[in-house]
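Structure first, then comments.
The values are calculated or read from the model by the stated rules, or taken from the named source; none is laboratory data. In this text, all values refer to a predicted model and were calculated from it rather than measured experimentally. Neighbour counts run over all protein chains shown; Cβ positions are idealised from the backbone, glycine included.
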Amino acid sequence: MHFTIAQDASVKRWKELGSVQGQTMRLFVMVQGYEIVVTSEAGFRAEYWKRPNHPQLKVRRCTETDNYELLAQAWQLANAKARELGWIV
C-alpha cells in the first residue's frame, strides 16, 4: 500500500491518506512529549511510546476496534515517525 504523507503546518500534524477496508481514511500522526499519537476523523486514537533501553514502540492506549487493517496502518505510521525522530532504527 502506498502512503502519501504531507505536513499541515497550521496544526503540526502529519496527514496519512490511505485506504482502510476499501474506504479512504485520513490518519493523523502527532508527537506529544514522549508519545506518538495516531488519530482519525472517525474517532480512532492510538498512543505509542518507547520504553528506555527497548528497541521498539509499545502501545500505551488504543481505541477498541476489530479493524485490524486500521491498527496495522496506525502502527506503521507510528513506527515511521519514531524512525524519523531517531527513537528507533
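Taking interchain pairs and intrachain pairs at least six residues apart, which have beta carbon atoms under 7 angstrom, with the first residue in the stretch 52-72 and surrounded by 13 or more Cβ atoms within 10 Å (Cβ to Cβ) and the second modelled with pLDDT of 90 or more and in a helix (DSSP H, G or I)?
Cβ pairs passing all conditions: Leu57/Ala78; Leu57/Asn79; Leu57/Ala82; Thr65/Leu71.
Out of the residues in the stretch 34-49 meeting the condition of being aliphatic (A, V, I, L, M) and modelled with pLDDT of 90 or more, tell me which one is farthest from Ala82 (Cα to Cα).
Ala46
Identify the single condition in (1) outside any loop (DSSP other than H, G, I, E, B); (2) in contact with a strand residue (DSSP E or B) (Cβ under 9 Å, 6 or more places away or on another chain); (3) modelled with pLDDT of 85 or more that Ile88 does not satisfy, given that it satisfies every other one.
(1)
Within the stretch 39-85, how many residues turn out to be within 11 Å of the chain's Cα centre (by Cα) and either on the phi > 0 side of the Ramachandran plot or hydroxyl-bearing (Ser, Thr, Tyr) (or both)?
Within the stretch 39-85, residues that are within 11 Å of the chain's Cα centre (by Cα) and either on the phi > 0 side of the Ramachandran plot or hydroxyl-bearing (Ser, Thr, Tyr) (or both) number 3.
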